[in-house]
1. Between segment 30-104 and segment 238-314, how many Å separate their Cα centres?
2. Show the residues, 5+ positions off or on another chain, whose built amide H is closer than 5 Å to the amide H of GLY169.
3. So for each of 164-173, 109-118, 233-242 I average, over its residues, the number of other beta carbons within 10 Å; can you give me the resulting order with the highest mean first?
4. Taking amide H positions as placed in the peptide plane 1.01 Å from N, state which residues far from ASP326 in sequence (5 or more) or on other chains have amide H under 5 Å from it.
5. Straight distance only, please: which lysines reach the Cα of LYS359 with their own Cα at less than 18 Å, same-chain residues fewer than 8 apart left out?
6. Mind checking which lysines have their Cα closer than 17 Å to the Cα of LYS401? Skip sequence neighbours fewer than 8 apart in that chain.
7. When a/c is below 1.5 the answer is rounded, else prolate if a/b is larger than b/c, else oblate, so apply that to segment 67-181 with a ≥ b ≥ c taken from the square roots of the Cα gyration tensor eigenvalues.
8. Under 19 Å from the Cα of LYS162, which aspartates and glutamates turn up, not counting those fewer than eight places away in the same chain?
Amino acid sequence: MKIAVIGTGYVGLVTGTCLAETGNEVLCIDIDKDKVNQMQQGHVPIYEPHLDVLFERNIKSNRLKFSTSLEEGLEHGEIVFLALPTPEDEDGSADLKYILGVAKEIGKLIKNYKVIVDKSTVPVGTSEKVKNAISQNATVDFDVVSNPEFLREGFAVDDFLKPERIIVGASSDRAIKLMEKLYKPYVRSGNPIIVMDEKSAELTKYASNAFLAAKITFMNEIANFCEKVGADVDKVRIGMGTDSRIGKRFLFPGIGYGGSCFPKDVKALHKSGKDNNYNFQILDAVINVNARQKLILIPKIETYFNNNLQNKNIAIWGLAFKPETDDIREAPALYTIDALLELGCNITAFDPEAMPNVKRKIGDKIKYADSMYDALENADALVICTEWSIFRTPDFNQINKNMNGKIIFDGRNLYDVKDVENEGFKYISIGR
C-alpha cells in the first residue's frame with residue numbers, strides 16, 4: 001500500500017519506518033528542510049533502539065522516502081497519517097493548530113479519495129474538527145479515522161511491530177477495510193484490531209495514559225507513606241503486583257513521571273472534562289502529587305547537608321525522563337537540577353543519550369561528564385534520576401575512589417539498601 005505520513009517527530013518517524021518494514025511504500029513529509037535532507041541521507045533524527053536498522057534498510061530498499069511537499073505526500077498516499085504536534089496550551093488543553101492547519105491545506109489539495117488518519121494524541125471530537133476543516137475546500141470524498149498510537153519510548157519499534165491491540169475509530173466501512181488491510185501483518189499472532197467510533201477511540205488513548213499515570217502516582221503515595229510508618233515499598237509492591245487484578249507493571253515508585261505523553265495527556269483530559277462540565281477529581285490529585293514527587297529528594301538532600309548546600313558538588317546520573325530514550329520533556333531530573341542550582345550546588349551530570357538535549361535546553365548551567373564515573377569526581381553526593389541499565393551494577397570501589405562524600409540519593413530504587421550500606425555508603429531512596 002502507498003502511505004503518506006505528515007510529520008516526522010517521534011510518532012511519525014516510527015510509524016513511517018515500521019509501515020515501510022512490512023512492504024508498504026511510505027513517503028514522510030516534514031516542513032523542516034534540514035531535517036528532511038538529513039533523513040534523506042540516512043541520518044535518524046531521534047534516538048530509539050532498533051529504529052536506525054529499520055530506517056537504513058527501508059531507505060536502501062526504496063520503501064521509505066522523505067519530502068517537504070504536502071502536495072506530493074497527498075498525491076502518493078491512499079492512507080495519510082497526521083502525526084503532528086499537539087503541544088500543551090497554557091490552560092492545559094491540547095493545541096490543535098498544527099493538525100487543523102494541515103487539514104485545511106489537505107482540503108485544497110486532495111484530488112481523489114483518501115483516508116486521513118489522526119495518529120497524534122488528540123481530544124475527543126478532534127476527528128470531527130479535522131473533517132470539517134478538510135470539508136471547507138475538498139471537492140472529493142474522504143474519510144477521517146482516529147488511530148491512536150500506544151508506543152512506549154525505548155520500546156516503540158517492538159510496540160508498533162507487535163502491538164497488544166490496534167484501535168481504529170471509524171464510521172466508514174470503506175475506511176475500516178483499508179485500515180484492516182494495512183494492519184493485518186501486525187496482528188498475525190491474534191492480537192485484536194478493535195474498531196469503534198471516533199470519539200471512543202480518541203478517549204481510549206487519554207483514558208489509558210491517565211490510568212497508568214494514576215497507578216504510578218498511587219504507588220508514589222504509598223512509598224511516601226512507607227517512609228512515615230517504617231514499611232518497605234518494595235515488599236508492598238511485590239505483594240500488590242501478584243494480584244492479577246492489579247498486575248506488576250507501573251508499580252515502581254520514584255521521583256514522578258515525565259515525558260511527552262503522561263503529563264500532557266493527563267492535563268488535556270482534565271481540561272476536556274472541565275470544558276464539558278465534569279471535574280476529574282482523581283486527575284486533580286494525580287497532577288498535584290506528581291508535581292510534588294518530582295522534587296521529593298530535595299528535602300532529603302537538604303536535611304542530610306544541614307540545609308547548607310552552597311557550593312556542594314552534586315553528581316547526577318540520568319537526565320532523560322526514562323531509560324532508552326533521549327527525551328527530556330518533563331524529565332524529573334531537570335526539576336531536581338533547577339532546585340539544586342537554586343540552593344547553590346555545582347552539578348556534573350551524565351546520561352548515555354540525553355546530554356546534548358539538556359545542553360541545548362539549559363546550556364552550561366551544569367557540567368557534562370564523559371562517563372558515569374567521571375561525573376563523580378570530587379562529588380559530595382550522587383543523585384540518581386533515571387534507571388539506565390548501566391547504573392544498575394556499578395563499581396562501588398570506583399564510586400568510593402572518585403567521590404568526596406559517601407551518600408547516594410536514589411530516585412529510582414536501583415539497589416538493595418543493605419548492599420549499598422555494606423559498601424560503606426549512606427543510601428537514601430524512595431519508600432524504604
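The values are calculated or read from the model by the stated rules, or taken from the named source; none is laboratory data. Please read these numbers as outputs of a predicted model, since none were measured by experiment. With ideal geometry, Cβ positions are generated from the backbone for all residues, glycine too; neighbour counts draw on all protein chains shown. Accessible surface areas use protein heavy atoms only, side chains included; no ligands, DNA or RNA. Shrake-Rupley method; radii C 1.70, N 1.55, O 1.52, S 1.80 Å.
1. 31 Å
2. Those lying under 5 Å, H to H, from GLY169 are SER146, ASN147, MET196.
3. Numbers: 164-173: 17.5, 109-118: 20.3, 233-242: 16.0.
Ranking, from highest mean packing down: 109-118, 164-173, 233-242.
4. TYR47
5. Here the lysines satisfying the reach criterion relative to LYS359 are LYS322, LYS367.
6. In chain and number order, the partners are LYS426.
7. Oblate is the answer for segment 67-181, as a/c is 1.5 or above yet b/c matches or exceeds a/b.
8. Those aspartates and glutamates meeting the cut-off are GLU21, GLU48, ASP52, GLU149, GLU153, GLU180, GLU324.
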